[in-house]
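Here is the structure we will look at.
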Amino acid sequence: PFGMVLTRAAGLRHNSDIGSGNIGATNVLRTGRKDLALATLLLDSGKAAIAAFVARWLSGDPGLIAMAGSLAFFGHCFPVFLKFKGGKGVATYFGTLLAFWWVAFLAAAASWLLVAFVMRISSLAALVTAIVVPLVFLFAGQPTFMIGSGFMSLLIFYRHRANITRLIDGSEPRIGAK
């Protein structure tokens, strides 16, 4: 979990003591260290991308590529070293999408950025993107990646349960809010 490693290396409080208590880039951003948040984002997305790219390089089989990326994503969300309390998986999802198909990655990035820019709510942007991506694979005729991204999308919704509750009651924090 790079968010935890980077905040500890920087001598900051443990992620569980900050904001949502999550280990991901959004929570690292709440420490005030944009550099650490960006590094967390890139490293968390990179670990899944590497897993899926290695599977692509070794076999080229879409099923193995989807499985490698999805398992890296699952391991980020439920890491053994943190008693299965990991991140929400959004950055890792993006890394996996990059390895699955760059067009889906761009669609996900556009979706997330549009919702985040208009609504200023990171979790809402992630949830909308989690709906959009499997549809991109469906319409592109890529059923294996649709299933892989659908599995990850369901887990993103599961990991965002508290955010969904706050979205419904109007208390979800906005990007940049103090």
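The values are calculated or read from the model by the stated rules, or taken from the named source; none is laboratory data. Bear in mind that the values here come from a model prediction, so they are computed numbers and not experimental data. For the accessible areas, the whole protein counts, side chains as well, though only heavy atoms, and no ligand, DNA or RNA atoms are used. Shrake-Rupley method; radii C 1.70, N 1.55, O 1.52, S 1.80 Å.
For region 24-108, the fraction of alpha-carbon pairs lying more than 20 Å apart is 34 percent, rounded to a whole number.
Once the Cα-Cα distance is subtracted from the 0.36 nm per residue extended length, the Leu106 to Leu64 segment shows a gain of 12.9 nm. May I ask you to give the percent of accessible area on region 1-122 that is carbon plus sulfur, with a probe radius of 1.4 Å? Carbon plus sulfur share of accessible area: 72 percent.
Among the lysines in the chain, how many pairs, 8 or more places apart or on different chains, have alpha carbons under 23 Å apart? Show your work: numbers first, answer last.
Numbers: Lys34/Lys47; Lys34/Lys88; Lys34/Lys178; Lys47/Lys83; Lys47/Lys85; Lys47/Lys88; Lys88/Lys178.
The number of close lysine pairs in the chain is 7.
Annotation: average projected area of region 66-171 is 6.6 square nanometres, based on the convex hull of Cα atoms across all directions. Using the scaling law 2.2 N^0.38 Å as the reference, what is the normalised Cα Rg of region 81-127? Rg over 2.2 N^0.38 Å, computed on Cα atoms: 1.30. Shown in residue order for region 31-39 are the 3J(HN,Hα) couplings computed by the Karplus curve 6.51 cos²θ - 1.76 cosθ + 1.60 at θ = phi - 60°: 6, x, 9, 4, 5, 5, 5, 5, 4 Hz (x for Gly and Pro).
Report D for the chain in µm² per second (integer): Stokes-Einstein, Kirkwood Rh on Cα pairs, 4 °C, 1.567 mPa s.
On the way: Rh = 16.3 Å.
For the chosen part, D equals 80 µm²/s.
With the other protein chains left in place, how much accessible area per residue, in square angstrom, belongs to the chain at a 1.4 angstrom probe?
On the way: 9410 Å² over 178 residues.
I get 53 Å² per residue for the chain.
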